[in-house]
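J.: Supplied in structure tokens, the structure appears directly below.
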């Protein structure tokens, strides 16, 4: 995950525990998880729109090719 090994992940979690405390850490994790889900959702929607646009352009080009023949 992100090129981090288990030792780096443990170190990051330890620092987060020191900074935010054990009470805030689950809330922070949920917030980060929600943000990542929203980002992935937005990314997939953008990718879907781009693919639709590409297909429309390909269809237009194919129609022009058939009209020229």
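FYI, it's all coordinate maths here, none of it is from the lab. Remember, it's a predicted structure, so these values are computed and weren't measured experimentally. With ideal geometry, Cβ positions are generated from the backbone for all residues, glycine too; neighbour counts draw on all protein chains shown.
J.: Multiply the residue separation of residue 35 and residue 63 by 0.36 nm, subtract the distance between their alpha-carbon atoms, and state the gained length in nm to one decimal. Provide the component values of the computation, followed by the final result.
T.: On the way: separation 28, 0.36 × 28 = 10.08 nm, distance 4.22 nm.
Going from the current span to full extension adds 5.9 nm.
J.: Something else now. Mind pulling up the Rg/Rh value for the chain? Radius of gyration and Kirkwood radius, both on Cα. Kindly include the intermediate steps, with their values, before the conclusion.
T.: Details: Rg = 22.8 Å, Rh = 16.1 Å.
Here the Rg-to-Rh quotient is 1.41.
J.: A further question on this structure: Looking only at the stretch 10-45, which residues have a backbone nitrogen under 17 Å from a spot 7 Å from the Cα of residue 55 in the C-beta direction?
T.: Taking a point 7 Å out along Cα→Cβ of residue 55, the residues of the stretch 10-45 whose backbone N falls under 17 Å are 44-45.
J.: Based solely on its DSSP helices, what 222 nm [θ] is calculated for the chain when runs of n ≥ 4 H residues each add -39,500 (n - 2.57) and the sum is averaged over all residues, nearest 500 deg cm²/dmol? Numbers along the way, then the final one.
T.: Numbers: 1 runs with 63 residues, N = 69.
Computed mean residue ellipticity for the chain: -34500 deg cm²/dmol.
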